Every structure is written in structure tokens, then in C-alpha cells.
Amino acid sequence: AAFRALTTIPALLEAFGSARVTLSSANAHSYGRKKVDLATYLAASLGDEAKAAWAAAADDDEAAARQFYWFGEHGEELASLTSRYPLPRYARPGALLAFAAFSADARGSGGGGDDDAAAATPPPSQQPALSFGVGPDGSGVPFHFHADGFSEVLHGSKHWLLYHDQPPRFRANATSVSWLKHDYPLLRPSERPLECTIWPGDLLYFPHGWYHAIVNRGDPTIFMS
């Protein structure tokens, strides 16, 4: 609760309004980058106009590469905030070592080789890289995978969709909402993802190599991962 109080929109504007933050494109590869002042981003990303833009993107198969929001990449601009985050016990270095090894084993022959497992395992002295994010309602990244990780919602909510392997009807440049609207209804019951919604105070862990997609639900959703 104490850390959550530091992450309200008024608190972020007061502490970091002039900080330059990096926005990433909301497609599966997140290769696009833009830098803006945090105050500028928040002014543009909150409210009805931003929600309408994300809703319209659901009917454009290539829209995700042109949609940007704040997640996943930081320099030192947030160090005074992220250093105060109470790291979950399963995200401490020793636990991550065990979790990464277990996740790689669990995938068996379907998940990469030894090099992939090694890449997912941080050195014992390495603290996990923390990512702070703010996304408008309807934003999110479509299906992608990487090393094991976690996400905690501070404000708003996040709807998660997870697959052990590449999902059916995978579209790298369509938004998560587009996939839910156009592809999800066509899936057989056996093809449907694992899914859940997490709320403030909830934290979700995902294994190395699992595909996952997210839809932020809130105005805005604010999270740590």
C-alpha cells in the first residue's frame, strides 16, 4: 500500500513529470521506440481519446506496431521509485535461479535448448530488472515470450492470456484486443488460452518461454514487472 501511494498519477507527475521516458510499440516484438516527457505522455494517454484510439486499433491488423505505451524499458529516470519497490520473495535472485531452471525443464523438448535455459537464468548476484509501466484502457502487448517474470498491478487491472507454445492464429502486429475480438471466438475449446484478470495487490508469475498477451483495463492501469 505504501508503494502504491507513490504511483498514483498525481504522485508520478509531481516526482517525475519532467522525466524523459521511453515508449515502446505494442506489437509482439516491441521494436519501436519514442522518448517523451512523462507529463506529456500521461496527458495524451489518459481519457476518452486514448481509449478510442486503442478501440479503433482492434479492427486494423497492423495497428499494434503504430500504438505506443510506456512499459518495459527504463534508464535511471525511475531509479528513485523502483529502488523502493518491495521485491516479491519469488523474484529475488536465488529464487529466480530455481524458477528459471524449473521452467526450462518443464518445457521439455518443446522449449529451446541449453542456451535458452542459460539465457533465462541470471547470475546469483544479479537483481532482476524491474519495469514500471502505465497504460490506458485497452492497451497491451500481443502474444510474445521471454525469460520468466512477474507482473503486479498497482492500479487498474490486467487481463492475461497464456499459452505453453505459440498460440493459434498468432498475429504479431495486431493488438491484444484485436485478437480477442476477431480470433478468440473462432478457437475450439481445446485451443483457448489460460486466462485470468489480476487487480491491485495481485501478482502473476509466468514461466520462461510461455507466450503471453495482456490487455490493460483501467484509466489507466499502472503496474510493476
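Determine whether Leu81 is buried (at least 17 other Cβ atoms within 10 Å of the Cβ) and either touching a residue at least 24 places away in the same chain (Cβ under 8 Å) or more than 30 Å from Ala174 (Cβ to Cβ) (or both).
Taking the combined requirement at face value, the residue satisfies it.
Hey, can you tell me all the residues within the range 176-199 that are open to solvent by 60 Å² or more (accessible area, probe 1.4 Å) and over 13 Å from Tyr163 (Cβ atoms)?
Listed by number, the residues that qualify are Lys181, His182, Pro185, Leu186, Arg188, Pro189, Trp199.
Residues in the range 43-66: is at least one under 20 Å from Met224 (Cα atoms), assigned to a helix (DSSP H, G or I), of a type outside the set (Ser, Thr, Tyr) and modelled with pLDDT of 90 or more?
Within the range 43-66, none of the residues are under 20 Å from Met224 (Cα atoms), assigned to a helix (DSSP H, G or I), of a type outside the set (Ser, Thr, Tyr) and modelled with pLDDT of 90 or more.
I'd like to verify a number: residues in the range 21-69 that are touching a residue at least 60 places away in the same chain (Cβ under 8 Å) and of a type in the set (Phe, Trp, Tyr), how many?
Total satisfying the criteria: 3.
Does Ala50 qualify as being among the aliphatic types (A, V, I, L, M) and crowded, with 18+ Cβ neighbours inside 10 Å?
For Ala50, the condition - among the aliphatic types (A, V, I, L, M) and crowded, with 18+ Cβ neighbours inside 10 Å - is met.
Can Tyr205 be described as open to solvent by 50 Å² or more (accessible area, probe 1.4 Å) and in contact with a Phe, Trp or Tyr (Cβ under 6 Å, 6 or more places away or on another chain)?
Yes.
Tally time: how many residues in the range 153-208 are closer than 30 Å to Gly47 by Cβ and in a helix (DSSP H, G or I)?
10
Say we look at the range 138-174 and pick out the residues that are at pLDDT 95 or above and hydroxyl-bearing (Ser, Thr, Tyr); which of these is least open to solvent (accessible area, probe 1.4 Å)?
Checked the range 138-174; the qualifying residue least open to solvent (accessible area, probe 1.4 Å) is Ser157.
Within the range 107-137, restricting attention to residues that are among the small types (Gly, Ala, Ser), modelled with pLDDT under 90 and outside any loop (DSSP other than H, G, I, E, B), which residue is most open to solvent (accessible area, probe 1.4 Å)?
It comes out as Ser109.
Taking the range 209-221 as the region of interest, how many residues are touching a helix residue (DSSP H, G or I) at 6+ places or on another chain (Cβ under 8 Å), part of a strand (DSSP E or B) and open to solvent by less than 30 Å² (accessible area, probe 1.4 Å)?
Selection size over the range 209-221: 4.
Being within 15 Å of Ala44 (Cβ to Cβ) and assigned to a helix (DSSP H, G or I) is the filter; apply it to the range 8-34 and report the residue that is least open to solvent (accessible area, probe 1.4 Å).
Filtering the range 8-34 for residues that are within 15 Å of Ala44 (Cβ to Cβ) and assigned to a helix (DSSP H, G or I), the one least open to solvent (accessible area, probe 1.4 Å) comes out as Leu12.
The values are calculated or read from the model by the stated rules, or taken from the named source; none is laboratory data. Keep in mind that what you see is a predicted model, and the values were worked out from it rather than measured. Positions of Cβ are generated from backbone atoms using ideal geometry, with glycine treated the same way; all protein chains shown enter the neighbour counts. Surface accessibility is based on the protein's heavy atoms, side chains included, excluding ligands, DNA and RNA. Shrake-Rupley method; radii C 1.70, N 1.55, O 1.52, S 1.80 Å.
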